[in-house]
Amino acid sequence: MATKETKQRGRPRSFDRETALEQAVRSFWERGYEATSISDLTRAMGISAPSLYAAFGDKRALFGEVVVEYGRLYGGFLSRAVAEEPTARRGVERALREAAAEYTLPGRPRGCLVISAALNISPASAEVADSLREMRLANVRAIAAAIRADIASGELPPDADAGALAAFIGAVIQGMSQQARDGAERTELEAIAELALKAWPRKAGGASS
């Protein structure tokens, strides 16, 4: 009967999988999906190509794990903010401020992996681009749902356009990510966030929602 070691080409795994995965996150985050080669990954992860394939599958499968790990460690703040705050505006305000901080944190690649990893992607990798696009659109839908709930409760005026407002906030967040990659500092992104919030609809009485 073959042992586990025999099935894995006769050797026990000689690297820490979580550490290697974290290095893969940084590689894809810095370079994007298309520009990150297997040699880039093996060099960053400190493993051989056969070990990468044995532990993670191909590049596409590894990237799927990377996106999940990125969300667990770094991403997800937008959906959490919208879900946890009592109004859509407070959720969006929190998300924008957290984006300004997260996208410029020292010691990390700039911006958002989910936004930037599929830039300049080839048709052969369309599945990757589609999956990241769906993640971004899911965030926009969550914002729109929170806005519609506030319209229904009277927190926002009945003529507020939930879809357009949510799409606007999504565009602002994507722009903040790119600005961060271009070198913008946290205070500059916070200024963008403040300007974006000025477009938020107000209650009939004039108070911010």
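How big is the accessible area of Asp159 in square angstrom, nearest 10, if you roll a 1.4 angstrom probe over the protein chains? Roll a 1.4 Å probe over it and Asp159 shows about 130 Å².
Each other residue within a Cβ distance under 12 Å of Leu21 adds +1 if Lys or Arg and -1 if Asp or Glu, for a net charge of -2. Provide the net charge surrounding Ile38, with neighbours chosen by a C-beta distance below 12 Å and charges set as Lys +1, Arg +1, Asp -1, Glu -1. Charge balance in the 12 Å sphere: +1. Entry note, the chain: relative contact order of 21 percent, from Cα contacts under 8 Å with a spacing of 6+ residues.
Of the DSSP H helices in the chain, those with a Cα length along their own long axis of 24 Å or more and a mean Kyte-Doolittle hydropathy reaching -1.0 comprise 126-153, 162-181.
Only protein heavy atoms count here; on that basis, with a 1.4 Å probe, Lys59 has an accessible area of about 40 Å².
Going by a ≥ b ≥ c, the root eigenvalues of the Cα gyration tensor, does the range 76-209 fall in the rounded group (a/c under 1.5), the prolate group (a/b larger than b/c) or the oblate group? It is oblate, given that a/c is not under 1.5 and a/b is not larger than b/c.
Averaged per residue, what accessible area in Å² does the range 80-143 show with a 1.4 Å probe, protein chains only?
Working: 3040 Å² over 64 residues.
Value for the range 80-143: 48 Å² per residue.
Label positions at Ala167 and Ala83, each projected 7 Å from the Cα along the C-beta direction, are separated by 2.6 nm.
Using the alpha carbons of the range 1-146, what is the convex hull volume per residue in cubic angstrom, as a whole number?
Numbers: hull volume 19.9 nm³, N = 146.
With only Cα atoms used, the range 1-146 gives 136 Å³ per residue.
Work out how much length Arg108 to Ala124 would gain on full extension: take 0.36 nm times their residue separation and subtract the Cα-Cα distance, in nm to one decimal.
Details: separation 16, 0.36 × 16 = 5.76 nm, distance 2.87 nm.
Extending this stretch completely gives an extra 2.9 nm.
With the whole protein complex present, Ser37 retains an accessible surface near 40 Å², based on a 1.4 Å probe. Rounded, prolate or oblate, given the Cα gyration tensor of the range 121-197, with a/c below 1.5 counting as rounded? It is oblate, given that a/c is not under 1.5 and a/b is not larger than b/c.
The eigenvalues of the Cα gyration tensor, multiplied by 5 and square-rooted, give the range 56-115 an equivalent ellipsoid with semi-axes of 26, 14, 7 Å from largest to smallest.
Taking a point 7 Å from the Cα of Arg60 along the Cα-to-Cβ direction, the residues of the range 108-143 with backbone N closer than 19 Å to it are 117-135. Amide H to amide H, with H built 1.01 Å from N, Ala118 comes under 5 Å of Tyr33, counting only residues 5 or more places away or on other chains. Overall, the accessible surface of the chain at a probe of 1.4 angstrom is composed of carbon and sulfur to the extent of 52 percent.
The values are calculated or read from the model by the stated rules, or taken from the named source; none is laboratory data. These numbers come from a predicted model, not from an experiment. Glycine also receives a Cβ, built like all others from the backbone with ideal geometry; neighbour counts cover every protein chain displayed. Note: accessible area is taken over every heavy atom of the protein model, side chains too, but ligands, DNA and RNA are not part of it. Shrake-Rupley method; radii C 1.70, N 1.55, O 1.52, S 1.80 Å.
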